[in-house]
1. What value, in deg cm²/dmol to 500, does the helix sum -39500 (n - 2.57) over DSSP H runs of n ≥ 4 give at 222 nm once divided by the residues of the protein assembly as shown?
2. Relative to the longest principal axis of the C-alpha atoms of chain B, give the angle of the C-alpha long axis of helix B:138-164, reported between 0 and 90° and rounded to the nearest 10°.
3. Find how many whole Å separate the alpha carbon centroid of the stretch B:310-337 from the alpha carbon centroid of the stretch B:210-267.
4. Using a simple spin-label model with points 7 Å from Cα along the Cα→Cβ vector, what separation in nm is obtained for B:L49 and B:Q319?
5. Just give me a number: lysine pairs in the protein assembly as shown, eight or more positions apart or cross-chain, with C-alpha atoms less than 17 Å apart.
6. Any idea how far apart A:A54 and B:A116 come out in nm if each label point goes 7 Å out from Cα toward Cβ?
7. Let me know the mean shielding of B:341-350 by other chains, meaning the per-residue number of their Cβ atoms within 10 Å of its Cβ.
8. Exposed loop sites here are chymotrypsin sites (Phe, Trp or Tyr not before Pro) in DSSP loop states with at most 16 other C-beta atoms within 10 Å. What is the longest stretch of chain A lacking them?
Amino acid sequence: MTSTTSAPPAQQPKSRPGDRIFAGTAKGAGILILIILAGVAVFLISESVPALTAPADEIPGDGGLASYIWPLIFGTLLSATIALLVATPLAVAIALFITFYAPRKLAAGLGYVVDLLAAIPSIVYGFWGIFWLAPRLVPFYRWLEENLGFIPFFVGPVSSSGRTMLTIGLVLAVMILPIVSAISREVFSQVPTLHTEAALALGATRWEMIKMAVIPYGKSGVIGGSMLGLGRALGETMAVAIILSGSAAGITWALITSANPQTIAANIALEFPESTGLAVNTLIASGLALFLITLLVNMLARWVVSRRADFSGAN
Amino acid sequence: MSTSTQQSSAAPETSAPSQGALGGHEKQAPWVPWAVFGAAAVLALGFGLLTSWNIVLFVIYTVVLGTLGTYVLSRVTEGPRKAVDRLVTCLVISAFGIAMVPLVSLVYEVVRRGAARFDAEFFTASLQGIIGPGGGAYHALMGTLIITLLTTLISVPIGLMTAIYLVEYGTGRLKKSITFFIDVMTGIPSIVAGLFAYALFVLIFGPGVRLGIMGAVALSVLMIPVVVRSAEEVLKLVPNELREAAYALGVPKWRTILKVVIPTAIAGLATGVTLAIARVIGETAPLLITVGITNALNFNPFDGRMATLPVYAYYQLTQPGVPPQDAIDRAWTAALVLIMLVMGLNVVARLISRLFAPKTSR
């Protein structure tokens, strides 16, 4: 990013050993990161090969690798989707609040408070989810079953402990809220002042100004940010493992019963410590699937965010 | 709601002189929304007393009724555009309020439940030979400190040197691909990092291996990209004039970086490293599958299982033993200590960046 190398020296500088060693070390560190990432992929693949090649009846569950992993993928995607649907509108509203509504002096402090949510370890979210949130959601779930039970998502019987897929979705939503709102905030604060002031000068109300100047400018940033949040929700482990332990029900759309699909990450955390042999390879194979899914989501998100930098529509 | 319309007409001195810019409608006095919400609170209170009293329902009723009341009133007196604006303002503020609920309730709950065992024994005793009450997390605390220290020792040199490469040396395709893959690495799920460390060490030591150093390797995969990102941002902020001045004096590039660039950016670097430590110190999943758990003291990360605070909390909660309450209390105290560590590191990072602000900028 600096232009130190672009300025042509008056004379060819003599090659110093210190310079070469330092530059080599720096370059080596950079390359080492590429090697580590390649290593992650290679080691995961090499350790999951035994599971990929094993006969179907030796895989835990006796149905082969695909039927073992598929319900887990379903649970992972379902919980992350719920989290995304809940978190994105909230996060955008929070970002709008901090950027455009809160008093200037308070704004930085409020942003920091929201960021604190990101600092809390995921296991503590699990504790909070199972002891505080889940019991308080049970009456709400009862109400959902009574009034909206005709929708497949809300069929009964309601879990009496509140440890359900919807609870997981809400906990994950809280966990990804900070990252989505941080990126939205960053994008919103980059909206050119000329645009917002022009809108206000034409007599727009604050909401009309946001609708006309801020949302079009920040849309792709918000999409990218929420996809980064999605990536994080997909990989969340401990909160899900604590709240959903002991209920692996395969594929079901019911969100408020006590039979819920497990997620990949939580399944690994729950099964790994007691597994040996081929079961470990199977778990690593499911981890590989998770790795590929998050890789895809994250690369897509980065692409969306970086595309915004090229043509933001504001230039 | 009808009461508040009366109130607004009873205050002609505020509403009369302001001619509304929007279609000749009157402008609302600033206290009107508050009055509407007050009326909504009274209504919700009555509602709650008639049915069953519940603080959560009371707040929800108040917010919903207040928002609707503000919208309807504004629509009648100020016109639809202003009304929508007020509606959105209410929604945005409630959204922020909703986001505060988990933060406040979580901190309150952890402090309340964690306080029971927040005593000297918790920090000085291990769990060896403990059944029932007593015992502590000394072994887990030391394990967390040792593994985090190792992680920092691995991650900071690699991360810092990579950032230096990206800012000072990097050109062309290698720089682009490193930047891209660091973004990718930021998104690796923590459990996958744990699986990577496990797969790596299984090749060397055979199946079922559990070592402290494995945890450090797994956490490094998560920490390195954070260090690189923050260090890169900070190094970019160092003004180019400083580098050029050093070159003009005949200082070699590597000494310029070590003696000029890094000292200038040291506060930002320290902040970034502190935040990166805060990011990994609460990680549970990778340690669960690489380091395992033990009840005894183990200070040697190259020999056998170690206890760490997050994993300790997890096992105390999920496998509490026969009188479960003692272990569950210990789990909450471990969670409390964990939150205090993370928040403390965040505060330290803020202090560093405030006290040792860059010497050259501005």
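Every number here is computed from the coordinates shown, using simple stated rules; none is lab data. Quick caveat: nothing in here was measured; it's all calculated off a predicted structure. Cβ placement follows ideal geometry from the backbone for every residue including glycine, while neighbour counts extend to all protein chains displayed.
1. Per the formula, -23500 deg cm²/dmol.
2. So the inclination is approximately 90 degrees.
3. Distance between centres, Cα-based: 40 Å.
4. Distance between the two pseudo-spin positions: 5.5 nm.
5. 13
6. 4.0
7. Counting Cβ atoms of other protein chains within 10 Å of each residue's Cβ and averaging gives 2.
8. My reading of the result: A:1-149 is the longest stretch.
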